């Protein structure tokens, strides 16, 4: 039987055909481009930052009370150097796309990096509240350590809180790389542009989506599958991208599994949103929303008796 071999001539033809698809194409090609951030480096930096937020949890460094200052200082120096470089690449990419001249991308990158590092104490305090909310809201939790090490919501929220600070400084690409990494690892999709208050808890977490212009207040709890999403953007109305198009969730709200909150609506303080509901209008404070006429049907099997 004759074997089909990839001869040198066929290989040359295949390479030529693939190369033709690269011409006059942008977005999915990274040819002759040295000013894009490197995804692998971003994830390594994110791991370093997480080590600062939860010292010792990765096990890559032995952390003690006597050496903690040295370890944190070493990590911060490394992050400052490496993150500044990656952010500079991101700003250079943006300048290339927008065809702008005269931007001091290096200075912009250093300022954005400095901003993030100075916000780490605040992020730490917020995460303490998030871990506390998880412990208080889940009777299955046995300790704070269990929550930090094993709960996907803490990884997703910690990553979001880091990425959000870079988003505020208008850093391109990198905030989304960070949150999409957390999304792939946890199943929780939080856009870095969202605004989230204190003591945020996502129970179970899989399938949760929080859109870019969402606003979430303090002491809010989500269950799996909750979606804060925008209405579909018409092709002729792309200007809506800069508008508020996602929900606002006020303080002390609980939203149960698979609920979908759609568009620029407000869920009032202290409300409870039941599972599987679809909300297109604002909900007043202190309101409970649930499915109408929901009932389960049971059918009993009739087994024939053995003779």
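FYI, it's all coordinate maths here, none of it is from the lab. In this text, all values refer to a predicted model and were calculated from it rather than measured experimentally. As a convention, Cβ positions derive from the backbone with ideal geometry for all residues, glycine included, and neighbour counts pool all protein chains shown.
Cβ crowding within 10 Å ranks 16, 84, 282 as 16, 282, 84, fewest other Cβ atoms first.
Rg and Dmax of segment 33-188, both derived from C-alpha coordinates alone, stand at 16.6, 56 Å.
For a quick check: sort 206, 179, 266 by the number of other beta carbons within 10 angstrom, fewest at the front. If you can, show how the numbers build up before the last one.
On the way: 206 13, 179 26, 266 17.
With the sparsest Cβ surroundings first, the list reads 206, 266, 179.
Panel order for 195, 269, by other beta carbons found within 10 Å of each beta carbon, from fewest to most: 195, 269.
When the helices in the chain are scored as -39500 (n - 2.57) per DSSP H run of 4 or longer and the sum is shared across all residues, what 222 nm value do you end up with, to the nearest 500 deg cm²/dmol?
Working: 8 runs with 128 residues, N = 307.
Rounded to the nearest 500, it is -14000 deg cm²/dmol.
Placing one equal scatterer on every Cα of segment 161-211 and applying the Debye formula, the log10 ratio I(q)/I(0) at q = 0.16, 0.22, 0.31 Å⁻¹ is -0.44, -0.80, -1.27. The GNM of the chain, with springs linking C-alpha atoms under 10 angstrom apart, assigns the highest mean-square fluctuation among 139, 192, 55 to 139. Springs between Cα atoms under 10 Å define the GNM used for the chain, and in it the highest mean-square fluctuation of 144, 201, 70 occurs at 70.
Calculate, in nm to one decimal, what residue 21 and residue 168 gain on full extension: separation in residues at 0.36 nm each, minus their alpha carbon distance. Walk me through the numbers on the way to the answer.
Details: separation 147, 0.36 × 147 = 52.92 nm, distance 3.69 nm.
Gain on stretching residue 21 to residue 168: 49.2 nm.
Just checking the listed ones, 207, 136, 59: in the Gaussian network model of the chain with Cα springs under 10 Å, the one fluctuating most is 59. With R₀ fixed at 41 Å, the C-beta to C-beta distance from residue 140 to residue 106 puts the FRET efficiency at about 0.25. For the chain, the Kirkwood radius over C-alpha pairs fed into Stokes-Einstein at 20 °C and 1.002 mPa s yields D = 95 µm² per second.
Could you tell me the calculated FRET efficiency between residue 150 and residue 278, based on Cβ-Cβ distance and R0 = 35 angstrom, to the nearest 0.05? Intermediate values should be presented prior to the final figure.
Working: r = 32 Å, r/R0 = 0.91.
Efficiency at R0 = 35 Å is approximately 0.65.
Measuring spread by the Cα atoms of segment 106-177 yields a radius of gyration and Dmax of 14.5, 48 Å.
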